[in-house]
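The values are calculated or read from the model by the stated rules, or taken from the named source; none is laboratory data. Keep in mind it's a predicted model, so treat the numbers as computed, not measured. Neighbour counts are summed over all protein chains in view; Cβ atoms, including those assigned to glycine, are modelled from backbone coordinates with ideal geometry. Keep in mind that these areas ignore ligands, DNA and RNA; they rest on the heavy atoms of the full protein, side chains included. Shrake-Rupley method; radii C 1.70, N 1.55, O 1.52, S 1.80 Å.
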Amino acid sequence: MKIRKNHKGKHYRYSVNRKTLNKTRSSTGKIKDPTLKKMWVEGQRVGTNFSEMGLAKDPNKAIAIPSYRKDRLHAAKIVNGFVEEELDEEERLLLGIKKAPIEEGPKRGHVVEELEQLASERADPEFRLPKGVVKELSYFLNKYKFNYKGMVTDRKNYGQLTWRQFRLKIRRFMSIPEQFNVYLEQKNLTADVKPDWPEYESDSEWK
């Protein structure tokens, strides 16, 4: 007795734009970085583009983990005569063997230098707190000043921070003058001078 196979009837999907679908399937994505986009060669493989610019597509292949087993196996093959030992320049000249080709750098190696320069210009050496954290800490300082244990019981303590964590975060906030001075100006306090507020119900280490 033959097994009866039920095939679902195929229907053409009129709502699908085939041209857009093929583009999204074959596209590798848009390059947002202007320096990389300018140097990218259309039609070349991704790996070829990266290697010519001195970049690595796969870091595991670019900087491989050294294999002790492979090194020992290669040494054993040299000892047993399966592989020729590497010759010096003098031995190559005597035997008339040509020099091994010198590996040249990447064709478009200046791309790496440009990217490194951009990264160094954009890098901010000083630490800054996110705007959301500054807003949150400003709220707690306005309401409780340095009463860290009072902050713990506040309904806006969504992260369930302890009083020690509050004290650490507020001291970090106060150590960034670019952000803390803005808060002091809003409160009509003297800039660059930490407010002389007492700490309540905590083992004060401030003074």
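Using 0.36 nm per residue of separation minus the Cα-Cα distance, give me the extension gain between Lys149 and Asn181 in nm, one decimal.
Numbers: separation 32, 0.36 × 32 = 11.52 nm, distance 2.46 nm.
Result for the pair: 9.1 nm of gain on full extension.
Which order do the peptides 37-50, 161-174 take when ranked by the mean count of other beta-carbon atoms within 10 Å per residue, highest first? It would help to have the intermediate numbers written out before the result.
Working: 37-50: 12.3, 161-174: 16.7.
Going by the mean number of other Cβ atoms within 10 Å, highest first, we get 161-174, 37-50.
Below 8 Å, C-alpha to C-alpha, sequence gap of six or more: please give me the relative contact order for the range 131-186 in percent.
Working: 25 pairs, mean separation 17.0, N = 56.
It rounds to 30 percent for the range 131-186.
Length gain on complete extension for the stretch Arg25 to Thr190, per 0.36 nm per residue less the alpha carbon to alpha carbon distance? Working shown, then result.
Details: separation 165, 0.36 × 165 = 59.40 nm, distance 5.99 nm.
Difference between extended and current length: 53.4 nm.
Whole angstrom only: what separates the Cα centroid of the range 55-76 from the Cα centroid of the range 164-184?
The range 55-76 and the range 164-184 have Cα centres spaced 48 Å from each other.
What FRET efficiency comes out for the pair Ser51/Val133, r = Cβ-Cβ distance, R0 = 41 Å, nearest 0.05?
Working: r = 42 Å, r/R0 = 1.02.
The computed FRET efficiency comes out at 0.45.
Could you work out how much longer the chain between His110 and Lys38 gets when fully extended? Use 0.36 nm per residue separation minus the Cα distance between them, nm to one decimal. List each step's numbers first, then the result.
On the way: separation 72, 0.36 × 72 = 25.92 nm, distance 1.24 nm.
The span from His110 to Lys38 would gain 24.7 nm if fully extended.
Measuring with a 1.4 Å probe in the full set of protein chains, what accessible area per residue, in whole Å², belongs to the range 131-186? Could the numbers behind the result be given before it?
On the way: 3330 Å² over 56 residues.
Using a 1.4 Å probe on heavy atoms only, each residue of the range 131-186 averages 60 Å².
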